[in-house]
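**Student:** Structure provided below as structure tokens; questions to follow.
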Amino acid sequence: MLDDGSANPTVGLQRCAAGHRERRSTVQLVPHAGSGETWAKIILFGEHSVVYGQPAIALPLRSLRMRARVSASAGLSMLRSLDYEGPLRESGARFACVRRAVEVALDKVGHPEAQLSVETISDFPPERGMGSSAASAGAVIRAVLGAFGVAASAEELFDLTQRAERVAHGKPSGLDAVATSARGPVQFQAGRMEIVPMNLDAHLVVADSGIRGSTRVAVSGVRTRFENDPGGVGEILEELGELARLAVRDVAEGEITALGVAMNRAQQLLAHLGVSDHHLDLLNAAAIRAGALGAKLTGGGLGGCVISLAPTVDAAVHIRSALRAAGAVRTWVHPLHPIRVEA
Ligand code: MEV
């Protein structure tokens, strides 16, 4: 089952201004205000192979939030996001996913012509494999639906987010849409998700290389390799899937040493797929030298972040310093507390 992630309750609805009434014979409702929230994610195992139907396991990072606010706009739809402030329609390729999210949400509420002021506020950087595009789309969709007082099921929210994500990624697996609104570790395969138990006495260190990664470019690079060598690349994808499958058990049973070994193997396989790079390799090596049990890239790669597994909080602090010394521009330490799943 998908997380219900329901939009905040309607703040209020206002009868629209005369201008709208001139265009339409019926009185149109426009939103007063709405808000939505999602969060960052990291992929523990299964990036890229998940696109080919293999399983993946991802962790939502709920302390790194993506918030969206929408309200009625007197004129054109406007956007305030990252360093951009201006008309939504002029916001450029970087915000294509947010524009599409507004469109699909307005279609869903039955007011495609409504003009909105849209704002997103993020605790984590875009284009670093942390799920920013799915998170921003998901938060905006929830905010628009909330403003119009329209409820949506978890499946509908997933579907709307996927429609927006397609603008950014082409053919996203759906893992990011699910993980950026999930309330626990997620096992995902072929459009189906399950929250899985986690019982790890360990810390995860996330380090940002500072290099922007394009998931679209990375995914299409893997596609080209697969088309040129379906046998060889197919084997790599299958082994990545097997690592994810085994990791579900290790995550539940607290097998942190085995997880670390599997992370290192996944990193080797991802490098064979051509989605690692010099910066990510340097950061992974620095983490291992500093005592990490395992380290790998996370998300699309070709820039973005690496994750490393630390056996204690002291080790995590030490690894974080080593990552910074090796060039990481930002780091986050995330405790992997036990998470039980009700039967
Ligand atoms: C991107 O965060 C994860 C990928 O596996 C793409 C996808 O799942 O759609 C690289």
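Rule-based calculations on the coordinates, nothing more; no lab input. The structure presented is a predicted model; accordingly, all values stated were derived computationally and were not measured. All Cβ positions, glycine included, derive from the backbone under ideal geometry; neighbour counts span all protein chains shown.
**Student:** Just want the answer: with Cβ charges of +1 for Lys and Arg and -1 for Asp and Glu, which residue in ALA190, VAL306, ALA72 is farthest toward the dipole's positive end in the chain?
**Tutor:** Positive-end residue among those listed: ALA72.
**Student:** Dipole magnitude of the stretch 57-137 about its Cα centre, charges +1 at Lys/Arg Cβ and -1 at Asp/Glu Cβ only, in debye to the nearest 20? Display every interim value, and only then the final one.
**Tutor:** Details: 11 positive and 9 negative charges, 53 e Å.
With only Lys, Arg, Asp and Glu charged at Cβ, the dipole is about 260 debye.
**Student:** For the pair HIS32 and HIS337, how long in nm is the line joining their label points, each one 7 Å along Cα→Cβ?
**Tutor:** 3.5
**Student:** Ranking request for peptides 137-143, 218-224: highest mean number of other beta-carbon atoms within 10 Å first, then the rest in descending order. Before the final figure, lay out the partial values.
**Tutor:** Numbers: 137-143: 31.3, 218-224: 18.3.
Top of the packing list down: 137-143, 218-224.
**Student:** If I take every Cα pair under 8 Å that is 6 or more residues apart in the chain, average their sequence separation and divide by the length, what percent do I get for the relative contact order?
**Tutor:** 21
**Student:** How big is the Kirkwood radius of the stretch 50-154, worked out from every pair of different alpha carbons and given in Å to one decimal?
**Tutor:** This gives a value of 14.5 Å.
**Student:** Taking the Cα atoms only, what angle lies between the long axis of helix 256-272 and the longest principal axis of the chain, rounded to 10 degrees?
**Tutor:** Between helix and principal axis, roughly 80 degrees.
**Student:** Nearest 500 deg cm²/dmol is fine: what mean residue ellipticity at 222 nm does the chain get from its DSSP H runs of n ≥ 4 alone, each adding -39,500 (n - 2.57), divided by its residue count?
**Tutor:** Helix-only estimate at 222 nm: -13000 deg cm²/dmol.
**Student:** For the chain, modelled as a Gaussian network with Cα springs under 10 Å, which listed residue fluctuates most, ASP281, ASP229, ASP176?
**Tutor:** ASP229
**Student:** Rounded to the nearest 0.05, what FRET efficiency do THR224 and VAL261 give with R0 = 41 Å and r taken as the Cβ-Cβ distance? Could you check? Don't skip to the end; give the middle numbers.
**Tutor:** Details: r = 30 Å, r/R0 = 0.73.
My answer for the efficiency is 0.85.
**Student:** On C-alpha positions alone, give me the angle between the axis of helix 154-169 and the longest principal axis of the chain, in degrees, nearest 10.
**Tutor:** The angle comes out near 80 degrees.
**Student:** Explain nothing, just the number: dipole magnitude of the chain about its Cα centre with +1 on each Lys and Arg Cβ and -1 on each Asp and Glu Cβ, in debye rounded to the nearest 20.
**Tutor:** Its charge dipole is roughly 940 debye.
**Student:** Here's a follow-up. Nothing charged except the Cβ atoms of Lys and Arg (+1) and of Asp and Glu (-1): what's the magnitude of the dipole of the stretch 128-250 about its Cα centre? Round to the nearest 20 debye. Walk me through the intermediate numbers first.
**Tutor:** Details: 13 positive and 15 negative charges, 100 e Å.
Here the stretch 128-250 has a charge dipole of around 480 debye.
**Student:** Next question, about the same structure. Compute the angle between helix 215-228 and the longest alpha-carbon principal axis of the chain, please, reported from 0 to 90 degrees and rounded to the nearest 10.
**Tutor:** Once rounded, one gets 60 degrees.
**Student:** Let me ask another. Mind checking which lysines have their Cα closer than 25 Å to the Cα of LYS41? Skip sequence neighbours fewer than 8 apart in that chain.
**Tutor:** Leaving aside lysines fewer than 8 places away in the same chain, those within reach of LYS41 are LYS171, LYS296.
**Student:** Between ARG89 and LEU282, how many nm apart are label points set 7 Å from Cα along the C-beta direction?
**Tutor:** If labels sit at ARG89 and LEU282, their model points lie 4.5 nm apart.
**Student:** Run the simple label-point estimate for ASP201 and ALA325 please: 7 Å along Cα→C-beta, distance reported in nm.
**Tutor:** 2.8
**Student:** Calculate the tail of P(r) for the chain: the fraction of all Cα-Cα distances greater than 39 Å, expressed in %.
**Tutor:** Beyond 39 Å sits 16 percent of the P(r) for the chain.
**Student:** By the scheme Lys and Arg +1, Asp and Glu -1, what is the net charge of all other residues having a beta-carbon under 11 Å from that of GLY303?
**Tutor:** Numbers: positive: ARG128, ARG212; negative: GLU127, ASP208, ASP277.
Counting the neighbours of GLY303, the net charge comes to -1.
**Student:** Near GLU242, within a Cβ-to-Cβ distance under 11 Å, what is the net charge of the other residues, with Lys and Arg +1 and Asp and Glu -1?
**Tutor:** -1
**Student:** Per residue, what volume in Å³ does the Cα convex hull of the stretch 118-184 take up?
**Tutor:** 100
**Student:** Roughly how many whole Å is it from the C-alpha centroid of the stretch 201-265 to that of the stretch 71-123?
**Tutor:** For the stretch 201-265 versus the stretch 71-123, the Cα centre distance is 34 Å.
**Student:** If you don't mind, another one. Which of LEU283, LEU88, LEU175 ends up with the largest GNM mean-square fluctuation for the chain, with Cα atoms connected below 10 Å?
**Tutor:** In this elastic network of the chain, the residue with the biggest mean-square fluctuation among LEU283, LEU88, LEU175 is LEU88.
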